[in-house]
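Notes follow the structure.
The values are calculated or read from the model by the stated rules, or taken from the named source; none is laboratory data. It should be emphasised that the depicted structure is a prediction, and the values quoted were computed from it without experimental measurement. All Cβ positions, even for glycine, are placed from backbone atoms using ideal geometry, and neighbour counts span all protein chains on display. These area figures cover heavy atoms from the full protein model, side chains too; ligands, DNA and RNA do not enter into them. Shrake-Rupley method; radii C 1.70, N 1.55, O 1.52, S 1.80 Å.
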Amino acid sequence: MNLMKIISAFALVGVITTSCGQTKKEASDAMDEASTEVMEVVEQTVETPNIVGVAAGNENFTTLVAAVKAADLVATLSSEGPFTVFAPTNDAFAKLPAGTVEGLLKPESKGTLTAVLTYHVVAGKFEAAAVIDAINKNNGKFEVTTVQGGMITLSLNDGNVMLTDAKGGTATVVMADVAASNGVIHAIDTVVMPQ
């Protein structure tokens, strides 16, 4: 009789353990499935920021962001686009003569500031490969019309994309293809100037 009780007890423990194991496995499978669903929802809702958002999130563009705000261009550069922005870095703005940036940020200079900033923007999305291809297909130089209305000449120098502005000044693309939801940003090392 004792042997029968012991065997019954072991059988009961086995059944409980097996059913608990199945419950844990089912719970684990359910959690994995729920986790996958949450990740899919997160992936669908996380979107690349627009050009202004990308620039604002990069410490190399604080001067540019301040200038965009001062010129009331936030709404424009946040619109659907697409745009290609040749974005001067903080170091590029620092190369300007002393007092230039401060002067451009004053309310009375808004027209000039807007012209300078929109001179750095081209309608359409042109990633580096497309820019280089256009340069190569046009005998080493490719002119683009900016949103400001002026022209910038793009060329290559030692494999780097160069911009030549209306006054003959040049800038080099130092970081290409920074993705934004409404276009692309190419960081440049010098502020280019319209006529």
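Quick notes
- Extended-chain gain in nm, criterion 0.36 nm per residue less alpha-carbon gap, residue 174 and residue 125: 15.8 nm
- Beyond 20 Å in Cα-Cα separation lie the following of the pairs 125/167; 95/167; 69/110: 125/167.
- With a cut-off of 14 Å between beta carbons, the residues surrounding residue 176 carry a summed charge of -3, where Lys and Arg count +1 and Asp and Glu -1.
- Backbone HN-Hα couplings from phi across region 111-127 [Karplus 6.51/-1.76/1.60, Hz, Gly and Pro as x]: x, 5, 4, 4, 4, 5, 5, 6, 5, 8, 10, 10, 5, x, 9, 10, 6
- Taking 19 Å as the cut-off, the amide N atoms of region 132-150 that come nearer than this to a point 7 Å along the Cα-to-beta-carbon line of residue 195 belong to 142-150.
- Rounded accessible area of residue 91 (nearest 10 Å², 1.4 Å probe): 120
- Label positions at residue 143 and residue 47, each projected 7 Å from the Cα along the C-beta direction, are separated by 3.7 nm.
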